[in-house]
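All of the numbers you see were taken from the coordinates with simple rules; none came from a lab. Bear in mind that the values here come from a model prediction, so they are computed numbers and not experimental data. Cβ placement follows ideal geometry from the backbone for every residue including glycine, while neighbour counts extend to all protein chains displayed.
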């Protein structure tokens, strides 16, 4: 049974009661945000993720899988994450292509180019997690709660008043998913930086969220402190020539 069917079979009140009971059994902090996130999907079936629940699930197990997905997302935040290095090796032809164009580069320099790119990709892989956690920390006091683990379709943050927010890092990464939900509410959409120039959009986010303290400087401070406290968040291959020399 899919989660959407489970909620529709049970109705909002009963589905919520079951989710609350299961959250206590699973040590999911219901009142810290899960209750508000779950309310969104019980209010609007269009916001229920379609990938939760299967043929062997009943109403209880489908809801339990939603809670597990929520908790796994929360526990996988940047400050707690241990990232894995890339699972694929670098293709040697890349260095040949670059070397054919930039003929002054040595083999060692070409190797560093390859691994600098791989390191940059690893950083990009955790950027979204960094942004999500930064906002989760800074917006909770203003009634906004993170829909950890993609537990609300096309929505990243929900407000206790029912407002919905979708965030992206760059303007060219926004998707085209529908923003319309039941009762005429729309999903607010925000991105951190424009894709074609260095222009940050924190002012618009402060307006949307009723805040004034969110800024690129504060985000950078959060990123650097997170990496310092949890260096395993950023995966660096052992043979990466940019790896710091060990004492």
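Quick look at the numbers
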{"quantity": "Relative contact order computed over the chain (Cα-Cα under 8 Å; 6+ residues apart), in percent", "calculated": "22"}
{"quantity": "Kirkwood hydrodynamic radius (C-alpha pairs) into Stokes-Einstein, the chain, 25 °C and 0.890 mPa s, D in µm²/s", "calculated": "120"}
{"quantity": "Beta bridges per DSSP with both ends in the chain, % antiparallel, nearest 5", "calculated": "55"}
{"quantity": "Max mean-square fluctuation residue, GNM over the chain, Cα-Cα springs under 10 Å, options 41, 98, 227", "calculated": "98"}
{"quantity": "Likely footprinting exposure, 117, 20, fewest C-beta neighbours within 10 Å first", "calculated": "117, 20"}
{"quantity": "Tilt relative to the chain, helix 34-43 - C-alpha long axis, 0 to 90 degrees, to 10", "calculated": "70"}
{"quantity": "Computed over the stretch 200-247, Kirkwood Rh from alpha-carbon pairs, angstrom", "calculated": "13.4"}
{"quantity": "Residue of 32, 19, 235 that the Gaussian network model of the chain assigns the largest fluctuation, springs spanning Cα pairs under 10 Å", "calculated": "32"}
{"quantity": "Cα gyration tensor of the stretch 1-75 - equivalent ellipsoid semi-axes, whole Å, descending", "calculated": "17, 13, 12"}
